[in-house]
Amino acid sequence: MPVILKEYGKSVFGIDYVEKSIEIAKKVMPKGNFECSQANNISFEETFDLILSNSVFQYFDNLDYAKDVIKCCLSKLNRNGNLIITDLPNANMEKEFSLYRMKEMGLSQKEWDQRYAEVKHLNYDFNDLKAFVEKLGFRYKYISPSKYTSKHQAFKFDIWITN
């Protein structure tokens, strides 16, 4: 278990839909509780003070699934709990990010299109997420650029949702 969590006597739970990721997590944190599952199916009976999703949401198939995951996570929060979602690709910066990555990788537009024709990354409009979270009756904090440390964080944002 990470030292900081152990220091505060906290338990760690986690899910991933890739079994190999669960195996690795169990080796790194043998006292943790991990299950292989879809993100919109948190089967733990426990509720949580904090749920963290770090650099995952861009891999979801569509916005409806992402919103279903958010609802699922929010249903598992304790009173005054927090859901933190980091590294959300900003839909308003999608083109700028693509241009940045093409330059970074030394690819032409044609090469980029060929390489990433089958690769899909979901981008998020903060105003859409804001309206969704407000409709559910939760508070939020918008953090831009993302605090997830990467050379691409200027093109991404985080959202901190509190009940």
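Values as computed for the structure displayed
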item: 25 Å Cα cut-off, lysine pairs counted over the stretch 1-102 (separation 8 or more, or different chains); result: 17
item: Candidate residues Tyr140, Tyr17, Tyr124: accessible-area rank, largest first, probe 1.4 Å; result: Tyr17, Tyr140, Tyr124
item: Cross-link partners of Lys110 among aspartates and glutamates (Cα-Cα below 15 Å; sequence separation of 8 or more within a chain); result: Glu118
item: Loop-located GluC sites (Glu not before Pro) in the stretch 2-83 whose Cβ has at most 10 other Cβ within 10 Å (DSSP); result: Glu45, Glu46
item: Largest-first ellipsoid semi-axes for the chain, taking √(5λ) over the Cα gyration tensor eigenvalues, angstrom; result: 29, 20, 15
item: Accessible surface ranking that places the most exposed of Lys76, Lys95 first, with a 1.4 angstrom probe; result: Lys95, Lys76
item: Principal-axis tilt of helix 63-75 within the chain, Cα atoms, nearest 10 degrees; result: 20
item: Helix-only CD estimate at 222 nm, as mean residue ellipticity for the chain, using -39500 (n - 2.57) per DSSP H run (n ≥ 4); result: -10000 deg cm²/dmol
item: Residues His121 and Lys76, FRET efficiency given R0 of 25 Å [Cβ-Cβ distance, rounded to 0.05]; result: 0.45
item: Between the stretch 60-92 and the stretch 104-163, the alpha-carbon center distance in angstrom; result: 12
item: Solvent-accessible ranking of Ser53, Ser144, largest area first, probe 1.4 Å; result: Ser144, Ser53
item: Placed amide H near Ile51: partners under 5 Å, 5+ positions off or other chain; result: Asn82, Leu83, Ile84
item: Net charge over other residues, Cβ less than 14 angstrom from the Cβ of Asp87 (K, R count +1; D, E count -1); result: +2
item: Relative contact order for the stretch 81-163, counting Cα pairs under 8 Å that sit 6 or more residues apart, in percent; result: 48
item: Beta bridges per DSSP with both ends in the chain, % antiparallel, nearest 5; result: 50
item: Gaussian network model of the chain, springs between alpha carbon atoms under 10 Å - residue of Val69, Val28, Val12 with greatest fluctuation; result: Val28
item: Label point at Trp112 placed 7 Å out along Cα→Cβ; residues across the stretch 59-102 whose backbone nitrogen lies under 16 Å; result: 90-102
item: Per residue value of the accessible surface for the chain (all protein chains in place, 1.4 Å probe), Å²; result: 64
item: Per-q log10 I(q)/I(0), the stretch 50-112, q = 0.15 Å⁻¹ (Debye; single scatterer per alpha-carbon; no solvent); result: -0.61
item: Cβ-defined net charge surrounding Leu63, 13 Å radius [Lys, Arg +1; Asp, Glu -1]; result: -2
item: Nearest-ten-degree value, helix 126-135 long axis tilted from longest Cα axis of the chain; result: 30
item: Rounded tilt (10° steps) of 94-105 against the dominant C-alpha axis of the chain; result: 80
item: Size of charge dipole - the chain - debye, nearest 20, with Cβ of Lys, Arg +1 and Asp, Glu -1, no other charges; result: 440
item: GluC sites (Glu not before Pro) within the stretch 68-163, DSSP loop, no more than 11 other Cβ atoms inside 10 Å; result: Glu118
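The values are calculated or read from the model by the stated rules, or taken from the named source; none is laboratory data. The structure displayed is predicted, hence computed values, not measured ones. Virtual Cβ from ideal backbone geometry, glycine too; neighbours counted across all protein chains shown. The accessibility values were calculated without ligands, DNA or RNA, using every heavy atom of the protein model including side chains. Shrake-Rupley method; radii C 1.70, N 1.55, O 1.52, S 1.80 Å.
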